[in-house]
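To start, the structure under review is shown below, and the notes come after it.
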Amino acid sequence: MDIINELKLTMDSRSINEGFSRVAVSSFIACTDPNIEELTDIKTAVSEAVTNAIVHGYKEKCGKIYITVSIFENNIIRIKIRDKGVGIADIEKAMEPLYTTAGEERAGLGFAVMESFMDKVRVASKPDTGTTVTMEKRIWGKRL
Amino acid sequence: MSAKIEYKPKEIRVYLSGEIDHHSASLIRASIDDAIIHKHPALLVLDFSAVTFMDSSGIGLVMGRYKLMKTVQGRIRVENLSPGAYKVMVLAGLEKLGEIKQKEVV
């Protein structure tokens with residue numbers, strides 16, 4: 001399947017950039033004509049992945065977050081969010097709903113949100129190297 | 001993101017507005033908690049009418065306030081959620097925990 005449009009974005013892992021990353025991704029994919037629910041789902045999933053990179057990957061220290069958004073011919077969107085932070089030793093455990101290492105105010109539902117709002121979620125990670133979250137969603141727009 | 005706090009007898013209403021994420025939630029949490037600790041209300045209402053976006057940080061915000069309200073023997077009610085925010089709350093099972101209401105469709 002061919003990529004028909006692509007965005008690459010590198011930003012600092014500052015929490016103030018969470019809002020920017022959502023808006024940047026949703027503006028870029030506007031050409032696929034998503035409906036409001038699809039657009040909200042994607043913004044929410046991006047917000048979760050970027051927050052994970054900031055809170056867990058870089059532990060509030062500043063590093064770079066690399067976002068790649070690819071739009072395929074069949075209106076499938078692939079979003080890759082990568083950090084070069086501490087990585088995850090046990091990915092299965094990290095993806096369990098309600099599991100969190102970030103204390104009381106984090107619900108531990110980041111991956112659960114990504115998995116329920118996107119069609120596919122893959123996580124690749126290595127301790128001390130970083131984490132890459134790859135998510136896909138097909139945009140149906142008004143056809144849905 | 002901002003939070004306007006209104007005091008009524010035995011009730012605190014918080015009008016949230018803007019986007020709720022990890023960044024903004026940490027900014028408004030303290031002001032809500034201060035109000036609860038000082039007033040010991042019987043009911044805390046979080047009004048989401050003017051919230052334009054919410055991720056799972058909103059769940060943490062509601063759950064944290066729910067726990068605090070329990071320590072002062074109070075209840076919590078979440079009102080006027082957008083369909084998107086309601087979907088996130090339901091994913092967390094929060095609708096079982098208290099009164100979680102969607103925005104009425106006109």
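Residue count for the stretch B:54-97 satisfying the condition of being within 16 Å of B:A42 (Cα to Cα), basic (K, R) and either open to solvent by 20 Å² or more (accessible area, probe 1.4 Å) or free of Cβ contacts under 8 Å to residues at least 24 places away in the same chain (or both): 4.
Answer yes if at least one residue in the stretch A:10-17 is crowded, with 21+ Cβ neighbours inside 10 Å, among the polar types (S, T, N, Q), assigned to a helix (DSSP H, G or I) and touching a residue at least 12 places away in the same chain (Cβ under 8 Å), and no otherwise. Checked against the condition, which is being crowded, with 21+ Cβ neighbours inside 10 Å, among the polar types (S, T, N, Q), assigned to a helix (DSSP H, G or I) and touching a residue at least 12 places away in the same chain (Cβ under 8 Å), the stretch A:10-17 yields no hits at all.
In the condition set (1) modelled with pLDDT of 95 or more; (2) out of contact with any helix residue (DSSP H, G or I) (no Cβ under 9 Å at 6 or more places or on another chain); (3) closer than 27 Å to A:F28 by Cβ, A:K142 is compliant with all but (1).
Of the residues making up the stretch B:11-40, just one is exposed (fewer than 15 other Cβ atoms within 10 Å of the Cβ) and touching a Leu at 6+ places or on another chain (Cβ under 7 Å), namely B:D33. At least 2 residues being within 14 Å of chain B (Cβ to nearest Cβ) and either open to solvent by less than 20 Å² (accessible area, probe 1.4 Å) or under 21 Å from B:D21 (Cα atoms) (or both) is the threshold, and among the helices (runs of 4 or more DSSP H) wholly inside the stretch A:36-144 those reaching it are A:36-52, A:110-117.
The values are calculated or read from the model by the stated rules, or taken from the named source; none is laboratory data. On a predicted model such as this, the values are computed, not experimentally measured, just so you know. All Cβ positions, glycine included, derive from the backbone under ideal geometry; neighbour counts span all protein chains shown. Only protein heavy atoms, including side chains, enter the accessible area calculation; ligands, DNA and RNA are left aside. Shrake-Rupley method; radii C 1.70, N 1.55, O 1.52, S 1.80 Å.
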